[in-house]
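Below: the structure, in structure tokens.
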Amino acid sequence: MTIVNVGVSHRTAPAEVLEKLAVPAAELGGLLVRLQAVPGLDEVAVLSTCNRVEVYAAASGPVGQVTRAVADLVAGRGRVGAGEVLRLARIRVGGAAAEHVFSVACGLDSMAVGEEQIVAQIKAAARVAAAAGTTGPAITGLIDAALRASKRARTQTTISTEGISLARAGLDIAAAHLGGLADRHAVVLGTGSTGSLAARLLREAGVARLSVASRNARRATEVAAALRATPLLASDVPAVLADADVLVTAVGAAVPVLAAGPAQAARAQAGGRPLFVLDLGMPPDVDAAVGQLDGVTLVDLTALGRQLADLAVPGQVPQVRAIVAAETAAYMERRGQAAAAPVIAAMHAQITQLADAELTRLHHRLPDLSDAQRTETAATVHRILRKVLHRPTVRAKEFSTGPDGLIYLDALKQLFDLSTDEART
């Protein structure tokens with residue numbers, strides 16, 4: 001199978017297109033099942049975050065047909081033209097796809113270069129795909145290798161400590177706008193990895209009161225307990241905005257979870273108290289009209305991206321790129337060797353079977369041979385075959401790890417008329 005990546009990100013598409021293409025968690029399982037039903041697409045995982053929608057697939061069918069079908073499904077769900085998705089997407093195959101996944105896992109392709117949150121997001125994408133039954137050894141192996149590359153990069157370099165997360169960058173803006181976060185009342189809506197991180201950063205910043213809200217009461221209680229915060233239901237958030245200074249949202253629902261009407265009603269009771277709203281959702285969690293209310297400052301991912309574009313790139317990026325290159329090469333070599341193994345085994349088995357059949361006929365024609373002579377004849381024949389097969393075996397292993405490895409292996413299968421039952425992973 002061939003690894004294929006179809007990805008649209010903040011680097012290739014405007015925010016309004018990403019908003020449409022972003023896949024809410026509740027819809028991800030259904031999309032995965034529809035993607036796996038594409039002819040020639042055997043395994044698939046989808047990574048949908050605040051600044052990217054990526055499909056990672058293992059395909060046994062023609063890559064062009066598979067990528068067009070993937071684009072059609074992603075576009076159809078987001079009500080975007082398939083042609084526009086293909087125009088904005090980056091399509092990567094084989095080693096290029098693996099290198100990109102590894103770069104993403106290391107934070108090199110993030111809006112906030114070096115951020116660690118992407119690791120949790122990739123793990124979550126893998127869990128959802130596994131639960132949907134759409135992954136197997138190929139995509140699981142790819143994601144595992146990407147996470148190993150990320151761990152090595154974050155252990156051997158300072159990319160994580162030099163980088164800055166979206167949540168931290170947004171809260172830095174909030175602190176500058178409000179004159180600090182200490183003694184403020186902050187509300188976080190969303191208890192996933194992004195919301196939990198924002199809540200932790202707010203607690204570390206010394207906010208006086210911290211409320212954590214979720215559509216799941218148990219989850220809100222769990223996160224709040226760990227941070228000495230007050231748990232809330234998502235439906236209670238508008239009511240507490242009257243005396244809140246900071247609202248961080250990280251839900252990414254299909255429709256905004258904070259509309260202008262409820263927000264305006266709450267602000268009428270605020271007595272002119274300023275409110276800073278940081279919307280980390282994709283699609284946006286907050287109706288854009290909320291930002292037009294008196295005393296409200298709304299910063300979304302688009303505005304945050306402009307802020308981050310002015311930051312210096314972490315100095316460890318070249319070292320991390322070298323790690324990504326080395327890990328990609330090692331991964332592709334393992335894939336090549338795994339693909340070569342069944343072909344080489346089939347070649348050896350076929351020739352050994354032919355040799356054994358000829359030896360049987362020979363021994364029938366020469367019934368007077370002693371057991372020792374029969375044993376020596378068989379040993380000689382097999383020794384010659386091992387020598388004859390040695391060079392093709394070595395070359396097959398070497399060629400299989402190169403960019404045209406699958407072509408060489410297919411040629412070998414055609415030359416020897418080999419049949420292998422194992423799918424290449």
Given contacts defined as C-alpha pairs under 8 Å and at least six residues apart, what's the relative contact order of region 166-226, whole-number percent? 34
Using R₀ = 45 Å, calculate the FRET efficiency as 1/(1 + (r/R₀)^6) where r is the Cβ-Cβ separation of T375 and E27; round to 0.05. 0.10
I'd like the distance between the alpha-carbon centres of region 223-295 and region 307-376, rounded to an integer number of Å. 57
Run the accessible area of region 19-164 with a 1.4 Å probe and give the carbon-and-sulfur part as a rounded percent. 53
Per-peptide average of other Cβ atoms within 10 Å, ordering 118-130, 3-15, 279-291, 351-363 highest first: 279-291, 3-15, 118-130, 351-363
Listed by chain and number, the lysines with an alpha carbon less than 23 angstrom from that of K387, same-chain partners under 8 positions apart left out, are K397, K413
Which far-off residues, 5 or more places away or on another chain, put their amide H under 5 Å from the one on T135, with H placed in the peptide plane? V44
To the nearest 10 degrees, how steeply does helix 137-156 sit against the main Cα axis of the chain, on a 0 to 90 scale? 60
Using the heavy atoms of the protein chains alone and a 1.4 angstrom probe, what is the accessible area of region 208-309 per residue in square angstrom? 44
So, relative contact order of region 1-144 in percent, Cα under 8 Å, 6 or more apart, is 34
Percent of C-alpha pairs per 5 Å bin, region 212-253, short to long: 5, 24, 31, 28, 12, 0
Separation between Cα centres of region 101-171 and region 64-80, rounded to whole Å: 24
Consider the candidate values [x] 111, 42, 38; [y] 63, 56, 41; [z] 63, 51, 42; state which one is Cα extents along the principal axes in Å computed from the structure displayed. [x]
Antiparallel bridges, percent of DSSP beta bridges restricted to the chain (to nearest 5): 50
Quick calc, the chain, dipole around Cα centre from Cβ unit charges on Lys, Arg (+) and Asp, Glu (-), nearest 20 debye, gives 540
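Defining a contact as two alpha carbons under 8 Å apart and six or more residues distant in sequence, what relative contact order in percent does region 132-250 show?
It rounds to 24 percent for region 132-250.
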Peptides 197-204, 25-32, 176-183 ordered by average Cβ neighbours within 10 Å, highest first: 197-204, 25-32, 176-183
Reachable lysines from K123, criterion Cα separation under 18 angstrom, eight or more residues apart if same chain: K151
Ranking I159, G281, G291 by how far each Cα lies towards the positive end of the charge dipole of the chain (+1 on Lys and Arg Cβ, -1 on Asp and Glu Cβ), the top one is I159
When the Karplus curve 6.51 cos²θ - 1.76 cosθ + 1.60 is applied with θ = phi - 60°, which whole-Hz ³J(HN,Hα) does each residue of region 23-37 get, with x for Gly and Pro? 9, x, 4, 5, 9, 5, x, x, 5, 4, 5, 5, 5, 5, 6
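The values are calculated or read from the model by the stated rules, or taken from the named source; none is laboratory data. The model shown is predicted, which means the values in this text are computed figures rather than measured ones. Reconstructed Cβ throughout: ideal geometry from the backbone, glycine too, with neighbour counts over all protein chains shown. Each accessible area value is taken on the protein alone, full model and side chains, heavy atoms only, with ligands, DNA and RNA left out. Shrake-Rupley method; radii C 1.70, N 1.55, O 1.52, S 1.80 Å.
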